Amino acid sequence: MTRSIAALIMAAGYASRFGRCKQLTQVGGKALLQHSIDSAQAVCPGKVFAVSGAWHEALRKAMHSEELRNVILIYHPDWSEGLGSSIARGVTGIGSHVDGILVLLADQIAVTAEDLLPLRRKFTGDNIVCSVYAGSRGVPAIFGRSSFGKLRELSGDRGAKALLYDEHVPVVECPLDHASIDVDTPEDLHRWVTTRDHAYGLEARRKCV
């Protein structure tokens, strides 16, 4: 049986350390947020949502200009309360018509569709499937409907990490080293792009040998 899964991308923060709208910063010809949208679309086609907040107007205008595509914005006016509050707003906005919700961060730039597909394959509808990186559980993670109530109760800056250790719900781990890479500053982004391009160059030369 195919489970219906919606993706919820967390993109509400101001990103003060970045110095400008991180979500719309161009990476390889498209907005950073669009990279997450495209990856999520491969796993949750037609059901990709993003929680907006500090930069809502900029993101809305980007949708009108089609700089952002294939996403539904859920505006959170109280975005400054923190990540937990934003997750709760997003889950409430999606509703309970899906079997699961894939939660991921907009700035996990290295996460690809290929990384997310194993999470979907391991999701049964009554479990939680989470990424494991740097020795800890985290997002991206898929939460079944039985966890929606607890997600809606999150508040402040407390994210969903505690739910990933819920003893009352089966939790399946999925190694995902790419999830450990996030972008907090322009230097972080430059470092990742440089590393990625170097890796692509090595792979291209290897194929030519």
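Overall shape: oblate for the range 103-168, with the ratio a/c of the largest to smallest alpha carbon gyration tensor axis at 1.5 or above and b/c at least equal to a/b. Near the amide H of Tyr75, within less than 5 Å, lie the amide hydrogens of Ser52, all on another chain or at least 5 residues away, with H placed in the peptide plane. Set the bar at 23 Å for Cα to Cα. Now go through Lys122/Lys150; Lys30/Lys161; Lys61/Lys161 and name every pair that lies beyond it. The answer is Lys30/Lys161; Lys61/Lys161. Measuring between their Cα centroids, the range 1-29 and the range 55-119 lie 6 Å from each other.
Taking Cβ atoms as reference points and 15 Å as the exclusive limit, the residues near Val132 contribute a net charge of 0, counting Lys and Arg as +1 and Asp and Glu as -1. Applying 1/(1 + (r/R0)^6) with R0 = 25 Å to the Cβ-Cβ distance of Val193 and Thr124 gives a FRET efficiency near 0.10. Geometric descriptor of the range 21-130, per residue, is 106 Å³ (volume of the convex hull of the Cα atoms).
Divide the volume of the convex hull around the Cα atoms of the chain by the residue count and you get 129 Å³ per residue. Residue separation of His64 and Glu173 scaled by 0.36 nm, minus their Cα-Cα distance, works out to 35.4 nm of gained length.
Computed over every Cα-Cα pair of the range 10-63 and binned at 10 Å starting from 0, the pair-distance distribution P(r) comes out as 24, 55, 20, 1 percent. When both bridge partners sit in the chain, DSSP labels roughly 40% of those beta bridges antiparallel. Expressed as a fraction of 2.2 N^0.38 Å, the C-alpha radius of gyration for the range 46-102 is 1.15. Given an 8 Å cut-off on Cα distances and at least 6 residues of separation, report the relative contact order of the range 5-180 as a percent. Relative contact order comes out at 25 percent.
Local charge sum around Tyr14 (other residues, Cβ-Cβ under 15 Å, Lys/Arg +1, Asp/Glu -1)? Surrounding charge for Tyr14 is -3. Under 5 Å between amide hydrogens, which residues at least 5 positions from Leu105 or on another chain qualify, with H placed 1.01 Å from N in the peptide plane? Sorted by chain and number, the residues that satisfy this are Met10.
Throughout, read-outs are computed from the coordinates displayed, never taken from laboratory work. All values reported here derive from a predicted model rather than from experimental measurement. Here the Cβ is made from the backbone with ideal geometry for all residues, glycine too, and neighbour counts use every protein chain on show.
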